[in-house]
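Okay, structure first, notes after.
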Amino acid sequence: MSAKQSPLLEEREPAAPTETSADTGLAVVIERLAANPQVDVDKLERIIQLQERILKHTAKATFDAAFAMMQPDLPEIGEKGQILVKGQLRSTYAKLEDIQKAIKPILKTHGFAIRHRTEWPEKDGIIRIVGILSHAQGHSEESAFEAPMDKSEYRTDIQSMGSTVSYGRRYTTIDLLNLTTRGQDDDGGTAGRPTPPDGYDARLEH
């Protein structure tokens with residue numbers, strides 16, 4: 001008895017990959033239109049501009065939602081820094097290193113990052129520090145601080161510049177994240193308000 005022969009398999013073209021939701025998105029549509037020489041260039045540009053507005057709107061909405069989710073997780077920062085005037089305690093403040101240590105893990109969890117840019121405007125002695133809070137989806141927001149060098153008889157000019165930059169980073173970080181700071185004996189009257197730089201009328205004690 002002869003063995004039954006199995007039917008031959010038909011040769012077929014490889015199946016086309018199934019389109020995902022991303023494939024049907026506006027970006028894919030634009031790519032296909034751009035490859036078509038019959039498409040009007042002006043109309044294509046308007047479509048691209050529309051896509052950019054949609055992406056920006058989506059990124060901003062995602063930023064706002066993530067920021068709202070993050071707010072309850074941000075801790076109150078203890079004011080371990082002290083400003084003394086002629087040996088007397090004038091005020092306390094949250095140190096930049098304490099703020100950074102407290103917020104970095106929380107920022108990472110919620111897809112945020114914070115960085116700073118130092119600028120030197122064409123103004124006499126003015127230093128401008130820009131804080132930038134960015135989200136993984138692309139939207140970012142800024143807070144800027146301007147001040148002269150934090151001059152003091154106890155510091156060189158370079159140290160005075162560094163003091164202003166440090167204060168500007170602290171100020172903009174608190175502003176961007178809506179942080180609250182509190183001293184040991186603070187009843188809440190000054191919580192969350194950055195203390196003025198020490199060099200304007202006081203000596204900073206670390």
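The residues in the stretch 110-147 that are closer than 14 Å to ASP175 by Cβ and among the acidic types (Asp, Glu) can be counted, and the count is 3. Among the residues making up the stretch 34-50, a single one is surrounded by 12 or more Cβ atoms within 10 Å (Cβ to Cβ) and modelled with pLDDT of 80 or more: LEU50.
Considering LYS151, LYS60, LYS56, LYS104, which residue is free of Cβ contacts under 8 Å to residues at least 24 places away in the same chain and of a type in the set (Lys, Arg)? Don't jump to the end; show me each part of the working.
Working: LYS151 fails: free of Cβ contacts under 8 Å to residues at least 24 places away in the same chain; LYS60 fails: free of Cβ contacts under 8 Å to residues at least 24 places away in the same chain; LYS56 fails: free of Cβ contacts under 8 Å to residues at least 24 places away in the same chain.
The conditions single out LYS104.
For (1) more than 19 Å from MET69 (Cα to Cα); (2) among the acidic types (Asp, Glu), each residue gets a yes or a no:
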residue	(1), (2)
GLN88	yes, no
LYS95	yes, no
ILE106	no, no
ASP124	yes, yes
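The residue list LYS95, LYS101, LYS108 contains one member that is of a type in the set (Lys, Arg) and either touching a Ser or Thr at 6+ places or on another chain (Cβ under 8 Å) or open to solvent by less than 80 Å² (accessible area, probe 1.4 Å) (or both), which is LYS95. Counting only residues that are open to solvent by 80 Å² or more (accessible area, probe 1.4 Å) and either under 25 Å from the mean Cα position of the chain (by Cα) or not basic (Lys, Arg) (or both), the stretch 138-170 holds 8 of them. Scanning the stretch 51-68 for residues that are surrounded by 13 or more Cβ atoms within 10 Å (Cβ to Cβ), under 16 Å from SER140 (Cα atoms), over 15 Å from the mean Cα position of the chain (by Cα) and not β-branched (Val, Ile, Thr) gives a single hit, LEU55.
Which of the residues belonging to the stretch 112-127 are over 17 Å from ASN178 (Cα atoms) and either at pLDDT 95 or above or in a strand (DSSP E or B) (or both)?
Within the stretch 112-127, the first condition is being over 17 Å from ASN178 (Cα atoms), and the residues that meet it are 117-127.
Selection gives ARG117, THR118, GLU119, ILE126, ILE127.
State whether one or more residues within the stretch 128-135 are open to solvent by 40 Å² or more (accessible area, probe 1.4 Å) and either assigned to a loop (DSSP other than H, G, I, E, B) or farther than 30 Å from GLU31 by Cβ (or both).
Of the residues in the stretch 128-135, the ones open to solvent by 40 Å² or more (accessible area, probe 1.4 Å) are 128.
Among the residues that remain, those that are also either assigned to a loop (DSSP other than H, G, I, E, B) or farther than 30 Å from GLU31 by Cβ (or both) are: 128.
Scanning the stretch 128-135, I find at least one residue that is open to solvent by 40 Å² or more (accessible area, probe 1.4 Å) and either assigned to a loop (DSSP other than H, G, I, E, B) or farther than 30 Å from GLU31 by Cβ (or both), so the answer is yes.
The values are calculated or read from the model by the stated rules, or taken from the named source; none is laboratory data. The shown structure was predicted, so the numbers you read here are calculated from the model rather than taken from an experiment. All Cβ positions, even for glycine, are placed from backbone atoms using ideal geometry, and neighbour counts span all protein chains on display. Heads up: the accessible areas ignore ligands, DNA and RNA and are worked out on the full protein's heavy atoms, side chains in. Shrake-Rupley method; radii C 1.70, N 1.55, O 1.52, S 1.80 Å.
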